[in-house]
Every structure is written in structure tokens, then in C-alpha cells.
Amino acid sequence: MLYLAIRQMLSRKKQTSLIVLGISFGTMIYIIVAGLQFGFREYLTEQLLNNTAHVLIKGSERDLSEKELRPRFFDESTLVRWIVPPAGKRDEVRLVNPQGWFQRLEEDPDVLAYAPRFSINGIVSQGRYRHSVSITGIDPVKQIKVTSLEDYMEKGSLMELDGGGSKIVLGSGVLETIGAKVGDTVRLSIGLGEPRPYRVVGSIHLGNEQFDKVMALGNIHDIQTLNLSPGRVSEISVALTDINLSHEKAALWSLFSRDEVQGWEEANAQFMQMIGIQDLMRAILTGAILLVAGFGIYNVLSIMISQKKKEIAILRSIGYGPNRILELFLGQGLILGFIGALFGILLGIGVNLIIGSIELSFEVGKSNHLPISFAPSIFATAFAAALIAAVIASFLPAFSASKMTPLDIIREEM
Amino acid sequence: MGIVGKNVVKQFGSPPMVILHGLDLEIEDGEFVSISGRSGSGKSTLLYLLSTLDNPSDGVIEIDGVSPQKMTVNELHRFRNEKIGFIFQFHYLLPELTGLENVLLGPRNLGLEKQKKDEALALLDQLEVYKQANKFPSEMSGGEQQRVAIARALILSPKYLFADEPTGNLDSVSGNKVMSILEETSQNNNMTIVLVTHERDYAARANREIYLVDGRISENYS
Ligand SMILES: Nc1ncnc2c1ncn2[C@@H]1O[C@H](COP(=O)(O)OP(=O)(O)OP(=O)(O)O)[C@@H](O)[C@H]1O
Ligand SMILES: [Mg+2]
């Protein structure tokens, strides 16, 4: 029946190509939207995973209490009555018992690697230029196992921080702001004591101003010493053998300590929410496309069948049974869907290649092009959706055509 | 074997209106029978019953020894494909197919379109529409279309040929041609032919005439 199906479609080229165009257009839109959404999602996920581990253990924010503050301002013997009692948060978060965590993580078979970090705010300066930075002390050997930060090093390597010795890695934006370059010596101050000289051994560029303009990385021991707080840890990034365990592990570990333990999803609740909204949007879009494509196919076939009743009667009297008639029209719907989907996917890829080649005036990740996903799953989804719509939309009219008996048609026509 | 009808009743609608009133008839293999009568006398209704396209309200019809009512859908279509040829008043060629392709529709359904191609061309030649083999129906005259349709009915040498007013839409020259073809086919191929026509002259050219008056077979031709 394929032969007759094709002949019938070719004999109405205009209608056929309009429907194919409609389906292609829908498929193309889906490919473009999904390509952009997934592209951005891949980019953001990578960015987030650079800075967020599978599980993050961090000191919980603690309120300042009046009791803690009193001895700082008054001596023991003074009786103090506050008019407004002081309230606020501690500026610095730290783990209660980092050593305990190290031991637990060391022994847990689901833990692939972990890396402690200690972060404080400070100011780097060179000559007259000063710039505030967020200084993170890392253990380079461990850090490299947990994140892909090393991939973003413009110059030098994180490994140069190993062993300490007043070395520092600065974000590309920081270097630019203070007019320094790798190899220079800058001064670092955290408000305690005199600024100290540090040699810049590398620069890092994440392609995200938020990070590149404030990042400073040093050896964790150096930074702890600089802050006069040896052994202090603000957070531990944990890489698990399986990222899907992150939620479960986080829930379990948070039972052991006052420290905050976050799985990847919790740490990025907003991101996950955005992904949810995107998924919903795409589902609605897909539904709309399916509806339009399906309706087009349904209409064309219904009209065609009502115009072709005589021929159905003839085919039946020649010996073409109901199933062959079903095949004839279902086949046309499927061919329309198939060609439309194929054409739409090609168009979509073309448009995405064009969009992806546009040079942007700003940077996204490592390049200045929009991130676009060409994941096979996008094309598979688009293809399946178009085909399913075609099958459903053509089945109804095709089925009703197969149910017509030659006699009904002949009588009706007379 | 042939075609046998016993007490064939056909009624339509509710309250039922009886169109055929318990007909008994027998058409033998190789016979050329015409069914004639006034408009509305039930000619077409009877033809559809005899040709497996419809089932009687009461009574039995057997064609080639079997009752179409007892066949499955697939058996029925296979039977039509192999043993029956139809010619209708309106030619009903498929407009997307050429004359030759239309003729080969039946063989194609059996996977025989290649084997039957030469035969189809010979048949078209015999019916004087060889030139129309590669034309589309829209490029043919009514008489030519009807002859291509006849070729389509004959291509598989069916045992039974049913024709409902095949000359109805044609001028007398074309009509005569069609009648000659039917006569020749009947003589040369030993085909059983049932022809419905309201033209007395054509009806008379059959071996036997069945004359219907208000759904009953009349012995008296007036
Ligand atoms: N499906 C149907 N429902 C109701 N009545 C019908 C149906 N088919 C046929 N009839 C009636 O049966 C009668 C016989 O119809 P039929 O078509 O057999 O006549 P005919 O002899 O072929 O006439 P004509 O020469 O005009 O073709 C008519 O009165 C017609 O109205
Ligand atoms: Mg009639």
C-alpha cells in the first residue's frame, strides 16, 4: 500500500508539503529551544559542580549571642543592661570538628575524595591598586580530585600551591583590576596584622565575572596561619562514587553533627527549580507542537478520505480488505510525520549551528558562543514526538475509512 | 456450482420496506445473464447480493459453492480478488494512477503486478485503449475510462463478472463497444457474467434475461 500512499500524496503536492512544513517547523522549534535549554543547563551544571561538590559540609551559620559579646566590650565585673541587645550572624562559618569529619570520610567506602577549604575575605593590593577578594585556602592535591578547577587555570597550576610558602592563584578579573600578572608579588591583607607579600603563581578563568573578579586561592595552611586560626575549616567538598547518592548521604551525615550537610540538589535548590520550570515549558511547547502537527495531519487525511470514498469502494471490491485501507491512510500519516520530523531536525540543527556560531560580546564559559546542546536525546525526543502525533492523528481517519463498506459508499454516491 | 439464490429477501429501514420478495434463482457457470427492469425495481440491490457486496435479510446465496456470509473478512477479500470482477456505471479509476497501473491493482494485491504486466497491455490493446496505458484517467474520455475499468475487471480472468449499468454513462457507440466486449468475453473465456441494465436491447444480448418488477422476477417481459 506504500506505493499507493506515496502516489496519493504526490498527487496533492501542495497539501502534502504544507503539512510537512508544519511538522518540520514544530520539530525545528523544539530542537532550537531544547538545544538552548540543555546547552545552558550543561554549562551551568558544570559551573555549579566546579564550586559545589556532590556533598558539601559547612559550618552552620550561628547567631551572635549577647553572652558571647559582653566580654569583648566590658570586663567580667561590670553589670550590663542592654537597651537593644546585640543580634546578628557570625561573619565566618566554620566546622565544629573537622578532624572528626576527615576520619569519617576517610572510612566511608562511598566517598571517592574530599577536600577541606577555609575561606575568608581579604584585600589584595599592588602599588596603589586595592581590590577585595574572597580568599579560599585549599589543599591542592585533594581539591583537584573533587572539582575540575584545574581545567580553568589560564596560567600555572593549582599544584604550585602544594606545600605552601606564600604563593597565591588569582582570578583573571582580580589580576586585571590590580594590574598584576603571574609572577608578580602582591600584598594580601585580612585586617589582622600587616599585609603580607604573596607571589602570584597562576591565574584562573571560569568565564564568569562573579568568580573571576573575586577569586583568590592559596594553600589552606597558609591561609589558616594568616588568619591566626590553625586547623580551622569552613567547608568540606565531598565527591562520591555515585552522584545519585548525594541526597541520601547528606541526610545521613547531617544526623552526626551540628554542621550543615547539603546534597548537590539541596545546595542548588534554585537551579533545580529552574530546571523544573524549563522542563515544564518544554513539555508545554512539545504538547502544542504535537497538537498543531497532529491536527494538520488529521484534517488533511479526513478531507482526503471523504473525497476518496469511491476509490475506497473500488479497492474493496477489487479485494483490498479493511486492513489494507487502514495501511493506505495510516501510511500517509506516518510518511508525513517521518519526513516532517526528519526535515525539522535538519532545519533545527542548521539553525542551532548558526545561533552557536554567533560571536557574543561577552563570555560564556570558555568561549564567547552560546552553549547549545546537540545531545542525541533531543533529536530522539523530537522525532518520537512528531511520529507519535502522526500515528495518533492519522489513525482516527484511517480507521474510519477502513470501516466503510463498499456498498455504503456506492449507495451514498448514487 | 455457479450462483444460487434461495428465497432471497432484502429489506431496508424500519419499519422495514421489502425491496426483494423471496427470489429464487440460479445462474450456471459460463452463463451470461442480464437483469433488467424499471428504475427502483431492485436490480442493483440484487446484483450486490449476488456479488458478495451485500448480504440478504433472509434466504441464502451461494457463489462458487460457498456463502459469502460465512467467510471471514480476509477470505471474502481474497475471493473478490481472485474470482470476481466488477464494472460500475461510474468508472471509478484511481486518479493518481495511470491506466496500466489501475489495471494492475488486483494483481498488485496478490504480488503479481510484474507477471501480469504484459497481459494487461495486451488486454488494453484488445479493448483499443493501448494508447491510454500511460495516461491518467483525467486525460481519457468516458468510454476509454470504462474500457480501462473493464480491463481491470478482467485482468485476473475472474470466474464471475458483475456489471452494473456499464453503459449507463456512455453514448451508443461506446455502449455498443462495451456490450461487444462482454459478449466476446463470455464466449471466449467461459466467464459467468451478470449484467444489470435497463436497456432492453442490451439485456436481450445476454444468454438469459431476468426481468424484475417491483422486486419480483417476472415471467412476462412487458
Ligand atoms: N440502503 C438503502 N436503504 C433504503 N432503501 C434502499 C437502499 N438501497 C436501495 N433502496 C431502495 O430499494 C429500491 C431498489 O433500489 P435499486 O438500487 O436496487 O434499484 P435499481 O433497480 O437498481 O434502480 P436504478 O435503475 O435506478 O438503478 C429503491 O426503491 C431504493 O430506493
Ligand atoms: Mg441500479
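The values are calculated or read from the model by the stated rules, or taken from the named source; none is laboratory data. None of these values were measured; they are calculated from a predicted model. Cβ: placed from backbone, ideal geometry, glycine included. Neighbour counts: every protein chain shown.
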Taking only segment A:236-257 into account, find how many residues are buried (at least 22 other Cβ atoms within 10 Å of the Cβ) and out of contact with any Phe, Trp or Tyr (no Cβ under 8 Å at 6 or more places or on another chain). 2
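Which fully enclosed helices (runs of 4 or more DSSP H) of segment A:54-171 have 1 or more residues being among the aromatic types (Phe, Trp, Tyr) and closer than 22 Å to residue A:234 by Cα? Give the derivation first.
Numbers: elements: A:66-73, A:98-107, A:140-146.
Qualifying helices (runs of 4 or more DSSP H): A:98-107.
Out of curiosity, is residue A:213 closer than 19 Å to residue A:170 by Cβ, among the charged types (D, E, K, R) and assigned by TED's automatic domain parsing to the domain that holds residue A:118?
Details: closer than 19 Å to residue A:170 by Cβ: yes; among the charged types (D, E, K, R): yes; assigned by TED's automatic domain parsing to the domain that holds residue A:118: yes.
In short, yes.
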Residue A:402 being touching a residue at least 24 places away in the same chain (Cβ under 8 Å), away from ligand 1 (no atom under 16 Å from the Cβ), within 14 Å of chain B (Cβ to nearest Cβ) and not in a loop (DSSP other than H, G, I, E, B): yes
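Can you tell me which residue among B:60, B:73, B:18, B:8 is more than 16 Å from ligand 2 (Cβ to nearest atom), modelled with pLDDT of 90 or more and buried (at least 21 other Cβ atoms within 10 Å of the Cβ)? Spell out how you get there, then give the answer.
Values: B:60 fails: buried (at least 21 other Cβ atoms within 10 Å of the Cβ); B:73 fails: buried (at least 21 other Cβ atoms within 10 Å of the Cβ); B:18 fails: buried (at least 21 other Cβ atoms within 10 Å of the Cβ).
Just a single option satisfies the conditions, and that option is B:8.
So that you can scan it fast, the table gives a plain yes or no per residue for (1) away from ligand 1 (no atom under 16 Å from the Cβ); (2) within 13 Å of chain A (Cβ to nearest Cβ); (3) surrounded by fewer than 23 Cβ atoms within 10 Å (Cβ to Cβ):
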{"residue": "B:121", "(1), (2), (3)": "yes, no, yes"}
{"residue": "B:136", "(1), (2), (3)": "yes, yes, yes"}
{"residue": "B:140", "(1), (2), (3)": "yes, no, yes"}
{"residue": "B:143", "(1), (2), (3)": "yes, no, yes"}
{"residue": "B:163", "(1), (2), (3)": "no, yes, no"}
{"residue": "B:172", "(1), (2), (3)": "yes, no, yes"}
{"residue": "B:196", "(1), (2), (3)": "no, yes, no"}
Six or more apart or on different chains, Cβ under 6 Å: which pairs go from a residue in segment B:87-102 that's within 8 Å of chain A (Cβ to nearest Cβ) to one that's within 16 Å of ligand 2 (Cβ to nearest atom)? Could you list them? B:88/B:164; B:92/A:310
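Return the residues of segment B:64-78 that are within 14 Å of another protein chain (Cβ to nearest Cβ) and more than 10 Å from residue B:52 (Cβ to Cβ); say none if nothing qualifies. Write out each step before concluding.
If we filter segment B:64-78 for residues that are within 14 Å of another protein chain (Cβ to nearest Cβ), which is where we start, we get B:68-69, B:71-78.
Answer for segment B:64-78, where residues must be within 14 Å of another protein chain (Cβ to nearest Cβ) and more than 10 Å from residue B:52 (Cβ to Cβ): B:72, B:73, B:74, B:75, B:78.
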Per the list (1) touching a Phe, Trp or Tyr at 6+ places or on another chain (Cβ under 9 Å); (2) of a type in the set (Gly, Ala, Ser); (3) in contact (Cβ under 8 Å) with a residue 60 or more places away in the chain, residue check on residue B:57 breaks on (3)
With (1) part of a strand (DSSP E or B); (2) touching a residue at least 40 places away in the same chain (Cβ under 8 Å); (3) of a type outside the set (D, E, K, R); (4) away from ligand 2 (no atom under 16 Å from the Cβ) as the list, and residue B:81 as the residue in question, which single condition is left unmet? (1)
Need at least 2 residues that are within 16 Å of ligand 2 (Cβ to nearest atom) per element, so show me which strands (runs of 3 or more DSSP E) inside segment B:155-222 make the cut, counting only ones lying wholly within it. B:160-164, B:192-196, B:208-213
Breaking point among (1) at pLDDT 90 or above; (2) surrounded by 16 or more Cβ atoms within 10 Å (Cβ to Cβ), for residue A:346: (2)
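Let's see how each residue does on (1) surrounded by 22 or more Cβ atoms within 10 Å (Cβ to Cβ); (2) away from ligand 1 (no atom under 16 Å from the Cβ):
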| residue | (1), (2) |
| --- | --- |
| B:166 | yes, no |
| B:175 | no, no |
| B:184 | no, yes |
| B:189 | no, yes |
| B:206 | yes, yes |
| B:214 | no, no |
Would you say residue B:96 is away from ligand 2 (no atom under 16 Å from the Cβ) and over 24 Å from residue A:410 (Cα atoms)? no
Let me confirm something: among A:297, A:312, which residue is in contact with a Gly (Cβ under 9 Å, 6 or more places away or on another chain), touching a residue at least 60 places away in the same chain (Cβ under 8 Å) and under 29 Å from residue B:74 (Cβ atoms)? A:297
Testing residue B:107 on (1) under 20 Å from residue B:135 (Cα atoms); (2) more than 8 Å from every other protein chain (Cβ to nearest Cβ); (3) within 16 Å of ligand 1 (Cβ to nearest atom), one condition comes back false. Which one is that? (3)
